[in-house]
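This report refers to the structure that appears directly beneath it.
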Amino acid sequence: MNQSDDSLEEKKLLVSGGYAFAKLTEHEQSKANLGLPQIFLGNVRRLDEESFTKYYCNKCQKAMPRKQ
């Protein structure tokens, strides 16, 4: 990832089967914004694994931190 951590903001992204938190640039946020309060990962496209901070699985009903 080329952006400094100062220019990244952690956002909740809806994903199939749950949601994830990831640090996004302003450009990635604007691509994902469809005028809805939710951001869908599919609209952001590909993100580096390092961008993700945690995940939540609806099926397991568990929050999982990003693997180090």
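The values are calculated or read from the model by the stated rules, or taken from the named source; none is laboratory data. Note that the coordinates shown come from a computational prediction; the quantities given were computed from them, not determined experimentally. Because the Cβ atoms are built from the backbone with ideal geometry, glycine has one as well, and the counts that use them run over all protein chains shown. To get the accessible areas, we keep the full protein, side chains included, count just its heavy atoms, and leave off ligands, DNA and RNA. Shrake-Rupley method; radii C 1.70, N 1.55, O 1.52, S 1.80 Å.
Every residue in region 18-41 that is hydroxyl-bearing (Ser, Thr, Tyr) and assigned to a helix (DSSP H, G or I), please.
Listed by number, the list holds a single entry, Ser30.
Please go through region 14-30 and pick out each residue that is surrounded by fewer than 16 Cβ atoms within 10 Å (Cβ to Cβ) and among the acidic types (Asp, Glu).
Within region 14-30, Glu26 is the sole residue that qualifies.
Would you tally the residues in region 42-68 being assigned to a strand (DSSP E or B), without any contact (Cβ under 8 Å) to a residue 24 or more places away in the chain and either touching a strand residue (DSSP E or B) at 6+ places or on another chain (Cβ under 6 Å) or under 20 Å from Ser7 (Cβ atoms) (or both)? Reasoning before the result, please.
Narrowing region 42-68 to residues assigned to a strand (DSSP E or B): 52-57, 62-65.
Okay, now just the ones that are also without any contact (Cβ under 8 Å) to a residue 24 or more places away in the chain, so 62-65.
Among the residues that remain, those that are also either touching a strand residue (DSSP E or B) at 6+ places or on another chain (Cβ under 6 Å) or under 20 Å from Ser7 (Cβ atoms) (or both) are: 63-65.
Qualifying residue count for the region: 3.
Hey, could you check region 31-68 for residues that are of a type in the set (S, T, N, Q) and either modelled with pLDDT of 80 or more or under 14 Å from Glu10 (Cα atoms) (or both) and say which is least open to solvent (accessible area, probe 1.4 Å)?
Ser51
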